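Report on the structure given below.
Nothing in this text is a laboratory measurement; each read-out follows from the coordinates by a stated rule. These numbers were taken from a predicted model, which means no experiment stands behind them. Every residue, glycine as well, gets a Cβ built from its backbone with ideal geometry; the counts of neighbours run over all protein chains shown.
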Ligand code: SAM
Ligand code: SF4
């Protein structure tokens with residue numbers, strides 16, 4: 001941990017993707033923290049753990065920066081403009097902090113996540129109003145960092161911790177878990193050793209580390225006992241997870257899923273995000289054997305062109321991926337597939353892009369994410385020749401997204417008239433309406449529903465919208 005006795009500073013965040021309200025605490029005079037989360041589910045999970053850690057210091061979470069005593073921005077570095085976004089948010093926070101200080105009050109500003117890891121001290125240099133910077137591997141030391149901030153220091157703590165952060169983080173209380181609902185994330189693996197040439201993750205999150213079976217089972221059991229029914233295991237390369245099991249053998253993610261399926265009260269299991277090369281036999285078998293392993297798989301392929309897959313260092317061909325999907329579908333025919341695609345990787349020709357379109361037609365996705373290639377400084381892809389024109393990337397992205405949307409709609413439309421179990425998650429916009437989650441993650445809206453959050457009810461799908469289904473409860 002480095003700390004610097006420098007003049008202090010401060011904020012107002014806005015255009016982020018998710019804000020996390022994680023504390024179930026309701027102390028009238030407690031301090032408030034607003035956590036702004038950018039990026040993936042792993043960042044959502046980290047934000048919740050940071051909120052738990054701050055709850056132990058007397059902070060309750062708030063949904064607005066305006067009434068917060070502390071603002072923590074949990075950043076994502078996966079695509080460009082991440083740091084620009086951060087610095088403009090910090091500019092707004094500085095104004096807010098200045099106003100507060102003029103009124104004799106204060107605001108603590110913290111930056112966490114992958115941009116914090118990548119930029120470290122540079123954040124304090126460019127934005128001296130920031131009080132603390134913590135990396136993804138050091139956020140368990142937030143309480144110590146806060147103590148130093150209160151002593152008038154600025155703190156940068158991004159050095160990889162020797163200790164296991166999960167051993168040092170407080171466990172969420174039952175109330176905190178309940179407040180977050182019936183679905184939860186649980187990080188089982190962090191970091192990545194795959195070094196895809198476009199990706200910053202191996203640099204910002206470090207090499208692959210798997211949490212122990214005991215830690216995972218303990219956290220999963222506590223979540224389920226507090227009311228969680230739908231549990232998603234997370235990892236940057238989650239199916240690379242491995243650990244020594246109860247029987248003294250080395251387990252992979254498949255064995256772990258069989259084991260977690262035994263926890264009394266658990267109703268649904270999922271995992272994300274996986275690499276095609278780490279889908280082993282046991283994991284594929286689990287998809288056939290375990291009813292509670294939901295028939296939804298996010299398995300990115302990135303491109304359908306073997307030339308581009310090689311340049312991306314994906315270490316598999318398009319045909320390997322298509323065969324893999326066939327094997328998983330053979331054991332789980334109702335599997336809905338999701339994926340990630342990058343268009344305009346350096347050197348991608350029209351022909352390469354057509355290979356991607358053909359792979360999409362062959363595989364048929366229920367849902368997918370697609371991105372324009374964004375050169376990340378320090379990754380091998382950024383130094384490759386033949387970068388693709390922005391206008392060409394735009395045109396390819398549009399065509400790919402049109403095809404993926406068509407497939408998404410076709411999948412949802414195929415569900416109309418069918419029956420399914422839906423996990424109730426929250427009240428809908430209208431009186432008497434509830435929103436639930438289908439086995440395939442698509443939100444389901446049910447009118448005149450008296451059930452409680454956490455109930456699993458049987459419904460028939462009446463119609464489909466763009467991103468949701470309408471359904472009626474079956475008696
Ligand atoms: N571990 C996962 C995998 O193997 O595919 C993905 C992790 S990454 C957080 C999520 C997605 O962001 C990737 O699958 C990729 O499609 C996209 N992505 C990563 N780096 C990118 C870049 N430089 N430009 C555009 N998209 C990128
Ligand atoms: Fe990044 Fe995923 Fe490749 Fe790892 S496997 S380098 S996280 S895209």
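Calculate for the chain the 222 nm mean residue ellipticity that helices alone would give, adding -39,500 (n - 2.57) per DSSP H run of length 4 or more and normalising by residue count, nearest 500 deg cm²/dmol. Numbers along the way, then the final one.
Working: 15 runs with 162 residues, N = 475.
Computed mean residue ellipticity for the chain: -10500 deg cm²/dmol.
Given the stretch 109-182, what whole percent of its Cα pairs are spread farther than 22 Å? Let's see the in-between values first.
Working: 840 of 2701 pairs.
In whole percent, the long-distance tail amounts to 31.
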Largest first, please: the extent of the C-alpha atoms of the stretch 122-235 along each principal axis, to the nearest Å. 45, 40, 24
Globularity index of the stretch 62-186, i.e. its alpha-carbon radius of gyration over 2.2 N^0.38 Å: 1.11
Evaluated at 37 °C with a viscosity of 0.692 mPa s, what Stokes-Einstein diffusion coefficient in µm²/s does the stretch 395-475 have when Rh comes from the Kirkwood expression over alpha-carbon pairs? 250
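Treat the count of other C-beta atoms within 10 Å as a stand-in for reagent exposure and order 199, 114 from fewest to most. Write down the numbers at each step before the final one.
Numbers: 199 21, 114 26.
Going from least to most buried by this count: 199, 114.
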Do you know the relative contact order of the stretch 184-265, to the nearest whole percent, from alpha carbon pairs under 8 angstrom that are 6+ apart? 35
Output needed: percent of Cα pairs per 5 Å distance bin for the stretch 327-475, bins running from 0 to the one holding the longest distance. 2, 9, 16, 15, 13, 12, 10, 9, 7, 5, 2, 0, 0
Difference of contour (0.36 nm per residue) and Cα-Cα distance, residue 249 to residue 102: 46.7 nm
Per 0.36 nm of contour for each residue apart, how much would the distance between residue 88 and residue 178 grow if the chain were fully extended, relative to their Cα-Cα spacing? 29.0 nm
Förster-model FRET efficiency, 41 Å R0, residue 409 and residue 313, C-beta, rounded to 0.05: 0.75
Cα convex hull of the stretch 341-392: how many Å³ per residue? 88
Within the stretch 136-283, percent of DSSP bridges classed antiparallel, to nearest 5: 35
For the chain: relative contact order, % (alpha-carbon pairs under 8 angstrom, 6 or more apart): 10
Span per principal axis, largest first, for the Cα atoms of the chain (Å): 63, 60, 51
What FRET efficiency do you get for residue 323 and residue 151 if R0 is 60 Å and r is their Cβ-Cβ distance, rounded to the nearest 0.05? 0.50
Sketch the reach of a paramagnetic label on residue 306 as a point 7 Å from Cα along Cα-to-Cβ, and name the residues of the stretch 347-385 whose backbone nitrogen lies under 15 Å away. 352, 355-356, 359
How many angstrom separate the Cα center of the stretch 60-126 from the Cα center of the stretch 208-251? 32
May I ask you to order 225-238, 138-151, 383-396 by the average number of other C-beta atoms within 10 Å around their residues, highest value first? 225-238, 138-151, 383-396
Ranked highest first by the average count of other Cβ atoms within 10 Å around their residues, in what order do 345-358, 49-62 fall? 49-62, 345-358
Protection proxy ranking, peptides 402-410, 93-101, average beta carbon neighbours within 10 Å, highest first: 93-101, 402-410
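Quick one: of the DSSP bridges fully inside the chain, what percent are antiparallel, nearest 5? Could the numbers behind the result be given before it?
Working: 30 of 73 bridges.
Expressed as a percentage, antiparallel bridges in the chain total about 40.
What FRET efficiency do you get for residue 168 and residue 217 if R0 is 25 Å and r is their Cβ-Cβ distance, rounded to the nearest 0.05? Mind dumping the intermediate values first?
Details: r = 19 Å, r/R0 = 0.75.
Given R0 = 25 Å and the Cβ-Cβ separation, E is 0.85.
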